[in-house]
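K.L.:
Encoded as structure tokens, here's the structure I'll be asking about.
The values are calculated or read from the model by the stated rules, or taken from the named source; none is laboratory data. What you are looking at is a predicted structure, and each value in this text was computed from that prediction instead of being measured. Here the Cβ positions follow ideal geometry from the backbone for every residue, glycine too, while neighbour counts run over all protein chains shown. Calculation scope for accessible area: heavy atoms of the full protein, side chains included, ligands and nucleic acids excluded. Shrake-Rupley method; radii C 1.70, N 1.55, O 1.52, S 1.80 Å.
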Amino acid sequence: MSAPPQAAPASPVGYGRVFAVPEFRAVFAAHTLSMLGVIVSEVALSVLVYDTTGSALLSALTFALGFLPYALGGTLLAPVADRFPARRVLVTCDLVCAGCVAVMAAPGTGIGVLLALRCCLAVVAPVFTGTRTATLADVLGDGDLFVLGRSLLRIVAQSALLVGYGLGGLLLAAVTPRHALLITVATFLASAALLRLGTRRRPARAPGPTDTPPGLRTLFAHPRIRLLLLLFWVPSAFVVVPEALAAPYADALGSGPVGLGLLMCGLPAGTVAGELFIGARLRPAARERLVLPLLRLSLLPCAGYALHPGLAGSLLLLVLSGAGSGYTLGLDQWFVRAVPEELRGRAMTVLSAGLMTVQGVGMALAGVAAQAVGVRAAVAGAGALGTLCCCGLALWSRTRAPEA
């Protein structure tokens, strides 16, 4: 691997350095386009299914299918990220997604085909995300620039959640859902072009056969990697509970659609603010020292729902919880340091697939808990139980100090 670009000693912190790397600018632009396309497709496909069937269940299932196949794609296809050149994998994934959405947009495509194609997109997604994350380490090195670059991609994703669904709704007021899907096709094609022309070709990390189908035994043989994956996954399973129950909670507060929109924005807004502050103002060593303290505290604000806060209080708790997720910057550094380079692609793919899977499971269990004990108790319970689990993981992690 070529020598990564290094930060000047006089400028130890801040996001501006990553944009000085031309390849990262191409990856960043492609990511922004992909996020735009994904959001437009989710809104348009959900509306299209509902308009066609009149079934709220099938419309909701369209969103759920964005989570469930992640486990399949992340497990079976993870070795692809290391066995083939990264640029080829990324471009191929974009082209496959563009082809799937193009078929969705075709007149006369049936509901069964639409849902099957939605599953295909979700199967491909973790391979693309994992390969792109591993490529960041090639483009930016595996030090501070990698952490900041990965943080910027997360910030784009969270910011897209803040504004994307509203813009998607406005778009569907002007065009039909199938025409909106054509915009997604264009964004995937543009992303493929940016990655093909804007990034350098690099050889595969592990061109030979993988160890065992599906090629993950070597990865999970590392105790530290297993621990770090849990540090990513466990909080994610709990933090989605307030979002999953935002609609019934807003109804219980009597805050209407405006309150629902604010509650849905709370966690993403806090996440963006936390990442921007920690990434721009703190040095790498300080970010790593904050990992375990923030891990213990990030879910604690959700337990505050037990105090029966109003809309403003609930929104504040969600923003605080989102800001606490800034521990992921230091955790990213631990993870890329722990994973051998030849396993980096599949490790990032498994990480991405696991995140989406546990979030989907967390949302489903949130609904079950709310049905049994009520919405407020379900969110407060998730905050308390999640905090206990995170404290246990932090205690376990202290016995495995970060490797130099």
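K.L.:
Per residue, how big is the convex hull of the range 114-176 when only Cα atoms are used? Give it in Å³.
P.N.:
101 Å³
K.L.:
For the chain, give the magnitude of the charge dipole about the Cα centre (Cβ charges: +1 Lys/Arg, -1 Asp/Glu; no others), in debye to the nearest 20.
P.N.:
That gives a dipole near 860 debye.
K.L.:
Pick the calculated semi-axes √(5λ) of the Cα gyration tensor in Å for this structure from (1) 50, 23, 20; (2) 31, 28, 20; (3) 36, 28, 19?
P.N.:
Correct label is (2).
K.L.:
Hey, another quick one. So what is log10(I(q)/I(0)) for the range 279-368 at q = 0.11 1/Å, when the Debye sum runs over its Cα atoms only?
P.N.:
For the range 279-368 at q = 0.11 Å⁻¹, log10 I(q)/I(0) is -0.45.
K.L.:
Within the accessible area of the chain, what % is carbon and sulfur when the probe is 1.4 Å and the other protein chains stay in place?
P.N.:
About 71 percent, which is the carbon plus sulfur part of the accessible surface.
K.L.:
May I ask you to order 346-353, 368-375, 262-269 by the average number of other C-beta atoms within 10 Å around their residues, highest value first?
P.N.:
Descending packing order for the listed peptides: 346-353, 262-269, 368-375.
K.L.:
Which Cα, out of 309, 358, 348, lies furthest along the positive dipole direction of the chain (beta carbon charges, K/R +1, D/E -1)?
P.N.:
My answer, from the dipole projection, is 348.
K.L.:
Here's a follow-up. So what's the back-of-envelope 222 nm ellipticity for the chain, counting only DSSP H runs of four-plus at -39500 (n - 2.57) apiece and dividing by all residues, rounded to 500?
P.N.:
-25500 deg cm²/dmol
K.L.:
Now for a different question. So, for the chain, what is the accessible surface per residue at a probe of 1.4 Å, expressed in square angstrom?
P.N.:
41 Å²
K.L.:
Which trypsin sites (Lys or Arg not before Pro) from the range 174-281 combine a DSSP loop assignment with at most 11 other Cβ atoms within 10 Å?
P.N.:
Sites meeting the loop and neighbour criteria: 201.
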